[in-house]
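A short write-up of the structure that comes next.
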Amino acid sequence: MKLFEEPRPETRAARSAAIARLVDGTEGRRRLLVTWLYYQGTRITQTLSVDWLHVDIERAVFSLYDKKARRWQEFPLHADVLELLFAIPERERVGRVFPWGDRHNVYRWLRPLVREFGVTFTPHMARHALGTRLNADGAGLRTIMSALGHQDPRSSLRYQAAETEVVRAASAKLPRLRRARAI
């Protein structure tokens, strides 16, 4: 019996330049959301469920409940996200961090903004961008799994495509061999 050949999984990562344009073109909670998606890599539904009770600004971490694993996971907050969180007045740090009830409400303002700037972007593309950037920076599979909240390594393997320059940089770190002198 001949098995079907499965296509190699590909990432659909958002380009940093596109996200930078969106961040520059937004303010307030919209800017925070786009920045959060880019640096934290959480799924949009998880992101919208983040409550201030589970954000520890002093320790620069936040927690999410993983329904599949039935446990809480703690993630570090990126410095840019932390800066935007600090800008929110303390009296407003109650309830959910983001005001949109569901992803459809986010897409109502995001789609026109993306068209206006002529960029390609979805919240999930930001998640792929994080995994891809971590791989390009030489992060191991465990680090990518932790950053994206994956339990199964196969979920993170799509980001492990070894680009030529990544392999070159990694092999350049190997110690040089001493060459034997010809007798």
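Data table
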| read-out | value |
| --- | --- |
| Every residue from the range 29-45 that is closer than 16 Å to Trp109 by Cα and crowded, with 21+ Cβ neighbours inside 10 Å | Leu32, Leu33, Val34, Thr35, Leu37, Ile44 |
| Residue list for the range 1-22, filter: modelled with pLDDT under 70 and surrounded by 13 or more Cβ atoms within 10 Å (Cβ to Cβ) | Thr11 |
| Lone unmet requirement of (1) touching a residue at least 12 places away in the same chain (Cβ under 8 Å); (2) closer than 16 Å to Arg12 by Cα; (3) surrounded by 13 or more Cβ atoms within 10 Å (Cβ to Cβ); (4) not aliphatic (A, V, I, L, M) for Thr120 | (3) |
| Residue, nearest to the chain's Cα centre (by Cα), within the range 42-71, restricted to residues that are more than 17 Å from Arg96 (Cβ to Cβ) and modelled with pLDDT of 90 or more | Val61 |
| Conditions (1) closer than 24 Å to Gly118 by Cα; (2) in contact (Cβ under 8 Å) with a residue 60 or more places away in the chain; (3) among the aliphatic types (A, V, I, L, M): number failed by Val23 | (2) |
| Among residues of the range 67-98, those that are of a type outside the set (A, V, I, L, M, F, W, C), assigned to a helix (DSSP H, G or I) and surrounded by 10 or more Cβ atoms within 10 Å (Cβ to Cβ), counted | 3 |
| Qualifying residue in the range 110-121 (condition: among the aliphatic types (A, V, I, L, M) and modelled with pLDDT under 90) | no |
| Test: Leu64 is in contact with a strand residue (DSSP E or B) (Cβ under 9 Å, 6 or more places away or on another chain) and either buried (at least 17 other Cβ atoms within 10 Å of the Cβ) or assigned to a helix (DSSP H, G or I) (or both) | yes |
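The values are calculated or read from the model by the stated rules, or taken from the named source; none is laboratory data. Being a predicted model, the structure only gives us computed values, none of them experimental. A quick note on method: Cβ atoms are made from the backbone with ideal geometry, for glycine too, and the neighbour counts reach across all protein chains shown.
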